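The values are calculated or read from the model by the stated rules, or taken from the named source; none is laboratory data. Because the structure is a prediction, the values reported are computed rather than measured. Every residue, glycine as well, gets a Cβ built from its backbone with ideal geometry; the counts of neighbours run over all protein chains shown.
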């Protein structure tokens, strides 16, 4: 057990309506030759705003495309572009994988990096790590960096105009933060930042949780109406900054390990990170033997948010024993964050928790007059 506590955070966090217009000003403080990484869809939506912002700061506008996942090959290709063209700051514009690829390549190339998420769909933008996947979307590894992004900039009007499911996914990712941070705090494991959780990291994780329970539903209403409200501003900060600081300096535990296991099941491909994390959060509550009221409240709340809390909603069933066992084994491999739980967790334990989710959530939903789960068919079989 490390007796040192560690808090990690980005150098600067900028949030608000119209923040994208200030991107050039903030990038100019970091370098002279930025490289923008964005997929075609994102660039089609935001190229005009980004170009105007950079040109106003007298910065060149250079953009390179991006595929779906932060693969080792994608990262290495970005390093080559950085080196060949002499870029001194790389900007991940878009979703979590784009941002992670920018961070990983910026680190390898020895330049500064910035995160500009176009949705509040995960807490990836603030962290000093990247999640690396195969081209098919299976989890490969975490890559850790000695520092966090130099800049995180998120425009809440952009978030308001993104699909509602992206904000819901970010809520799923952020709800796990407090559940995992409190579990890490009870045990003896280190947080992702490399030491025991700080009081600040744990407190920020809990603040994220409190903000979401108060503001998630009206924030989703705001995004449905494509407007920015105080509730949306609060949820964007909870999803992006507070969850990011909370997971990194508070700790990850079972929820994210089970997410990583789920990526091995083709049935779940196409689901967002936060959707799969939410299954992990509920499974963690079951593993902990959490109070019945806490579990039932979680099922009710996440159903209203639009997050999956049954196997059916991620393309699986309790009868899929082979797939569930493979997920459970992947979630409990040596080095996974599930071992930060304050008690030993085996693959059998995870298998039992996952199998129990279906009946548990269906019962709670029925008792509260909530919709029956709909089968997810977007993944492969």
Legend entry - Matching option when the condition is at pLDDT 95 or above and surrounded by fewer than 23 Cβ atoms within 10 Å (Cβ to Cβ), among 332, 263: 332
Legend entry - Residue under evaluation residue 203, criteria (1) in contact (Cβ under 8 Å) with a residue 24 or more places away in the chain; (2) farther than 20 Å from residue 16 by Cβ, criterion not met: (1)
Inset, instruction - Out of 220, 252, 241, report the one residue that is under 21 Å from residue 276 (Cα atoms), in the same structural domain as residue 311 (by TED's automatic domain parsing) and not in a helix (DSSP H, G or I). - result: 252
Inset, instruction - Answer yes or no as to whether residue 353 is in contact with a helix residue (DSSP H, G or I) (Cβ under 7 Å, 6 or more places away or on another chain), more than 19 Å from residue 131 (Cβ to Cβ) and assigned by TED's automatic domain parsing to the domain that holds residue 197. - result: yes
Inset, instruction - Check whether at least one residue in segment 284-293 is without any contact (Cβ under 8 Å) to a residue 60 or more places away in the chain, assigned to a helix (DSSP H, G or I) and in the same structural domain as residue 218 (by TED's automatic domain parsing), and report yes or no. - result: yes
Legend entry - Filter result (touching a helix residue (DSSP H, G or I) at 6+ places or on another chain (Cβ under 7 Å), surrounded by fewer than 20 Cβ atoms within 10 Å (Cβ to Cβ) and modelled with pLDDT of 95 or more) within segment 63-82: 63, 79
Legend entry - Number of the exception - residue 209 against (1) surrounded by fewer than 24 Cβ atoms within 10 Å (Cβ to Cβ); (2) at pLDDT below 95; (3) under 30 Å from residue 347 (Cα atoms): (2)
Inset, instruction - Please identify the pairs in which a residue from segment 245-265 that is in contact (Cβ under 8 Å) with a residue 40 or more places away in the chain and on the phi > 0 side of the Ramachandran plot has its Cβ atom under 9 Å from the Cβ atom of a residue that is buried (at least 24 other Cβ atoms within 10 Å of the Cβ) and assigned to a helix (DSSP H, G or I), counting only partners at least 6 apart or on another chain. - result: 251/180; 251/181; 251/183; 251/184; 251/201; 251/205; 251/337; 251/340
